[in-house]
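J.: Sending over a structure as structure tokens; questions will come in a sec.
The values are calculated or read from the model by the stated rules, or taken from the named source; none is laboratory data. Source: prediction; values computed, not measured. Here Cβ is always computed from backbone atoms with ideal geometry, including for glycine, and neighbour counts include all displayed protein chains.
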Amino acid sequence: MSAKVRVPFLRQVVPISKKVARDPRFDDLSGEYNPEVFDKTYEFLNDIRAKEKELVKKQLKRHRSGEEHEKLQLLLQRMEQQEMAQQERKRQQELHLALKQERRAQAQQGHRPYFLKKSEQRQLALAEKFKELKRSKKLDSFLSRKRRRNAGKDRQHLPLNKV
């Protein structure tokens with residue numbers, strides 16, 4: 001008789017525990033998403049992005065033409081757009097906090113809180129944007145661009161003249 005033992009036909013295999021993938025965006029363990037806390041926590045990324053932007057600009061000066069130049073230009077444009085979007089979000093957040101503080105002050109004085117409608121909030125944001133443009137003396141160029149854009153839209157809605 002042999003010392004070798006045959007493996008049974010239906011053998012019992014110890015299962016390997018599979019790692020469960022966890023998406024932090026939808027997991028309760030990660031907690032609630034709070035944009036203010038997120039921005040404070042990852043503030044250092046803004047410095048890194050600024051350094052990367054300067055690096056891309058230097059590379060763009062080095063590559064005057066070609067496919068690499070186009071890629072770098074698109075990358076720089078995307079970085080600038082992301083930066084502008086972040087500034088816009090920050091401005092909206094500051095406006096929201098200012099309105100919240102104003103409501104608290106009204107409540108402390110004994111008044112009932114008044115919540116602005118979405119349209120009123122948009123009007124306030126637009127007024128703030130116009131003030132900012134006026135301060136930076138870019139209001140005229142902004143308004144002329146807006147007029148041209150609206151004129152183009154109006155032209156699209158006009159019926160075509162058939163000759």
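J.: Does segment 22-34 contain at least one residue that is loosely packed, with under 10 Cβ neighbours inside 10 Å, under 30 Å from Ala127 (Cβ atoms), under 15 Å from the mean Cα position of the chain (by Cα) and not aromatic (Phe, Trp, Tyr)?
T.: No, that holds for no residue.
J.: On to the next question. Out of curiosity, is Leu139 outside the structural domain of Arg49 (by TED's automatic domain parsing), farther than 21 Å from Glu36 by Cα and in contact with a helix residue (DSSP H, G or I) (Cβ under 6 Å, 6 or more places away or on another chain)?
T.: Here the answer is yes, as Leu139 does meet what is asked.
J.: Looking for something polar (S, T, N, Q), part of a helix (DSSP H, G or I), exposed (fewer than 10 other Cβ atoms within 10 Å of the Cβ) and more than 23 Å from the chain's Cα centre (by Cα) - is there at least one such residue anywhere in segment 144-156?
T.: Yes: one or more hits.
J.: So, one more: At pLDDT below 90, of a type in the set (S, T, N, Q) and out of contact with any Phe, Trp or Tyr (no Cβ under 8 Å at 6 or more places or on another chain) - does that describe any residue in segment 91-98?
T.: Yes, segment 91-98 has at least one match.
J.: In the list Val56, Val14, which residue meets the criterion of being outside any loop (DSSP other than H, G, I, E, B), out of contact with any Lys or Arg (no Cβ under 8 Å at 6 or more places or on another chain) and among the β-branched types (Val, Ile, Thr)?
T.: Val56
J.: Can you spot a residue in segment 47-55 that is over 18 Å from the mean Cα position of the chain (by Cα) and aliphatic (A, V, I, L, M)?
T.: Taking every residue of segment 47-55 in turn, at least one turns out to be over 18 Å from the mean Cα position of the chain (by Cα) and aliphatic (A, V, I, L, M).
J.: Please go through (1) in a loop (DSSP other than H, G, I, E, B); (2) surrounded by 10 or more Cβ atoms within 10 Å (Cβ to Cβ) for Gln92 and return the number of the only condition it doesn't satisfy.
T.: (1)
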